[in-house]
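Asks: Can you keep this structure in mind? I'll have questions shortly.
What follows draws every value from the coordinates through simple rules; no lab data is involved. Keep in mind that what you see is a predicted model, and the values were worked out from it rather than measured. Here the Cβ is made from the backbone with ideal geometry for all residues, glycine too, and neighbour counts use every protein chain on show.
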Amino acid sequence: MASDEDGPATAPEPLIARYSQRVQFWRLLAILTLAAMCLIIPFTAKGPVEDSWKFAGVLIAAALIWAIVTFMRLQNRNPQVLIDENGVYFREWLVGTVPWENIEFIAHSSQVRRGIVASITRTRKKPYLLFKFAELPKVRPTAPIPFSWLQFVRAEFAIQEPIMQQYGLDTPVNDILTSIQEHIAHWQIVHEPEIAALEKANQEPPEKTE
C-alpha cells in the first residue's frame, strides 16, 4: 500500500465483485433441462392424465420463473459487492454500505463453528465470510410494493447473521477478505488519532464526586 510523505497512506484500490456469468449460465442450463424433463411426467405417471399435466405444468411454470431470474442475473453486470474506503457493500443485505466503524469482526467459514440448530435453519454454502456488526443496519427494500415486503422479511432474516457467500460471484471470498483487511488497515491509519483518544478515554477512571 503506497503512502504520501505529507499525508496519510493512499487508500487501496476498490474491489468490485459481480455475478459469475459462468455459474449463472450452467444454472440456467440445468433449470431448462429440469423443465424439459417435467414434460415426461404425464407419459409416465399413473392416474388421470389431466391431473398429471396440471402437476407438470406447475413444475414447469416454477422452473421457467427460476430460469427468468437466473437469465436476468446472467445479464446483470451491476456490482454485487463493493469494498472501498467507505466500508462494505453487499447487495443482498439491502442496507447500503456498512461503514468500517460498524464492523466488529469478520470470520472465514473455515473458522466458523455453527450449532446444529443454526446449521439446519440457516444453510450456508462454503466458502463464505461471516460478519458481526456493532449495530444492525436498517434494511431498505428496493422493490415496489408488495414485493418490497418479501424483500424486507428476507433481508431482515439474513442480516441477523450476515454472511457473504462466494457461490454465484466472480470473485473468491479470500480475495474479498484480503481487500477488506487492506481497507481496514488504511482506515485505522487515517483514524488513528481518534482511535487513540477513544481508547485513552475508556482507560481513564471515572472522576470521583463528593
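Asks: For a quick check: sort S179, S109, S148 by the number of other beta carbons within 10 angstrom, fewest at the front.
Replies: Starting with the residue having the fewest Cβ neighbours, the order is S148, S109, S179.
Asks: Something else: Over the Cα atoms of the range 37-185, what is the Rg over Rh ratio if Rh follows Kirkwood?
Replies: Details: Rg = 19.9 Å, Rh = 18.2 Å.
Here Rg/Rh amounts to 1.09.
Asks: Based only on Cα atoms, what Rg/Rh ratio does the range 15-78 have, Rh being taken as Kirkwood's radius?
Replies: Here the Rg-to-Rh quotient is 1.18.
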